[in-house]
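Chemist: The structure's right below; bear with me while I get my questions together.
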Amino acid sequence: MTAANNQQEATPFTPMSLAGKKVVVVGGKTGIGLGVARAARAAGATVIVASRRISLSGERPDLADFEQVRLDVRDESAVKAAFDAIGPLDHLVVTAAPDLGSWGAFMDADMQGVRRYLEGKFLGSWACARHAAPHLRPGGTITFLTGGMAARPKIGFAAVTSAFAAVEALSGSLALELAPTRVNTIRPGFIDTDMWSFLPVEHRDGLRKKVEETFPSRRAGKAEDIGHAALFLMTNPYVTGTVIEVSGGENLVPSVS
Ligand SMILES: NC(=O)c1ccc[n+]([C@@H]2O[C@H](COP(=O)([O-])OP(=O)(O)OC[C@H]3O[C@@H](n4cnc5c(N)ncnc54)[C@H](OP(=O)(O)O)[C@@H]3O)[C@@H](O)[C@H]2O)c1
């Protein structure tokens, strides 16, 4: 075999451009989802953000670049109708999740909390993927979002850990079942979004400080860090069926919260 035969044909380097692509971010009006929506827009995509609330342009000028769709992921027929109306798309990212603290504890008197959480996180992610899939163009991707608890459970969070682990299992299953559509999951660590606004200001500042002091990254995560990872997953044609931890090394140090 000659040296020339032995060499693989070089593929031109493709930057992380989404020019001409349509991206739908479910949960994209706040927090991590908004970070993903902004990254996709900056990369040239047309971006649709979907969640339960529609914001009027005067209230949220930062959403002016995006089309808004009203969608509750717990309502399967509404999810189907929304994706049928959206039509062909290139990339789906699902960041939506029930409000923090809404899941209850394992020993609660009944299982309402876990049912609610699984419905919002696991079945909601499932419904979005199920009803977006028929509309995905060739080269399309689906990206789910979990969190460190998928692999590192904490006392009191059995519902969250179970839902995250189930989403990651779904992600791998769909990478096979929907191939060559690529399906991946981002597993963030602490990201400084308004999800933490339920904490008193001093407590939230203290948490951020602990993160900055103890995480190997020596900084707190930002929504745009997850946006960057999402862009990578949408544009790298050889990544599928994987879970990317974007956590500043949170997985390597003791828990701060
Ligand atoms: N921030 C962190 O430190 C962190 C770390 C690890 C993992 N995570 C995970 O990342 C996810 C998002 O975090 P975030 O910081 O972006 O939180 P967030 O700002 O509270 O975002 C949650 C989004 O989900 C939407 N949503 C909630 N229920 C919905 C439903 N039934 N249907 C459609 N949309 C719904 C909300 O919009 P509407 O209210 O308009 O519906 C909101 O835009 C959560 O799963 C969280 O557990 C976060």
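Chemist: Give the range of the longest stretch in the chain that excludes all GluC sites (Glu not before Pro) found in loop regions by DSSP and having at most 11 other beta-carbon atoms within 10 Å.
Modeler: The reported range is 60-257.
Chemist: Still on this structure, I have one more. Enumerate the helices in the chain for which the Kyte-Doolittle hydropathy averages 1.0 or more and the C-alpha atoms extend at least 27 Å along the helix's axis, using complete DSSP H runs.
Modeler: Those that pass (Cα extent of 27 Å or more, hydropathy at least 1.0) are 158-177.
Chemist: If you don't mind, another one. Given the rule -39500 (n - 2.57) for each run of at least 4 DSSP H residues, summed and divided by the residues of the chain, what is its mean residue ellipticity at 222 nm, to the nearest 500 deg cm²/dmol?
Modeler: My calculation for the chain gives -10500 deg cm²/dmol from helical runs alone.
Chemist: Could you quote the convex hull projected area for the chain, Cα atoms only and averaged over all directions, in nm²?
Modeler: Computing the convex hull of the Cα atoms and averaging its projections yields 16.7 nm².
Chemist: Starting with the fewest neighbours, write out Lys222, Lys21 ranked by other beta-carbon atoms found within 10 Å of each beta-carbon.
Modeler: By the 10 Å Cβ count, ascending, the order reads Lys222, Lys21.
Chemist: On a 28 Å Cα-Cα criterion, which of the cross-link pairs Lys22/Lys121; Lys29/Lys121; Lys80/Lys222; Lys29/Lys80; Lys21/Lys210 come out too long?
Modeler: Correct reply: Lys80/Lys222; Lys21/Lys210.
Chemist: Here is a further query. Give me His203, His91 sorted ascending by neighbouring Cβ count inside 10 Å, so fewest comes first.
Modeler: So the residues, fewest neighbours to most, are His203, His91.
Chemist: Using the beta-carbon distance between Arg208 and Asp65 and R0 = 22 Å, what value does 1/(1 + (r/R0)^6) give for FRET efficiency, to the nearest 0.05?
Modeler: 0.20
Chemist: So if each residue of separation counts as 0.36 nm, and I subtract the Cα-Cα distance between Asn236 and Ala151, what length gain in nm does that give?
Modeler: 28.1 nm
Chemist: Counting only C-alpha contacts under 8 Å and six or more residues apart, can you give the relative contact order of the range 208-257 as a whole percent?
Modeler: Reported relative contact order: 49 percent.
Chemist: From Cα pairs below 8 angstrom and at least 6 apart in sequence, can you work out the relative contact order of the chain, rounded to a whole percent?
Modeler: The normalised contact order for the chain reaches 20 percent.
Chemist: So, one more: Select from the range 89-127 those chymotrypsin sites (Phe, Trp or Tyr not before Pro) which occupy a DSSP coil region and have at most 10 other Cβ atoms within 10 Å, ordered by residue number.
Modeler: none
Chemist: Then there's this: Restricting to Cα pairs below 8 Å that are 6+ residues apart, what does the relative contact order work out to for the range 12-120? Please round to a whole percent.
Modeler: 27 percent
Chemist: A follow-up question, please. Measuring from a point 7 Å past the Cα of Lys80 along Cα-to-C-beta, which residues in the range 100-125 have an amide N at less than 18 Å?
Modeler: 123-125
Chemist: By the scheme Lys and Arg +1, Asp and Glu -1, what is the net charge of all other residues having a beta-carbon under 12 Å from that of His135?
Modeler: Once positives and negatives cancel, what remains is +2.
Chemist: Fully extended, how many nm does the chain gain between Leu56 and Phe198 (0.36 nm per residue separation, minus their Cα-Cα distance)?
Modeler: 48.7 nm
Read-outs: derived from the displayed coordinates by stated rules, not from any lab. Remember, it's a predicted structure, so these values are computed and weren't measured experimentally. Neighbour counts are summed over all protein chains in view; Cβ atoms, including those assigned to glycine, are modelled from backbone coordinates with ideal geometry.
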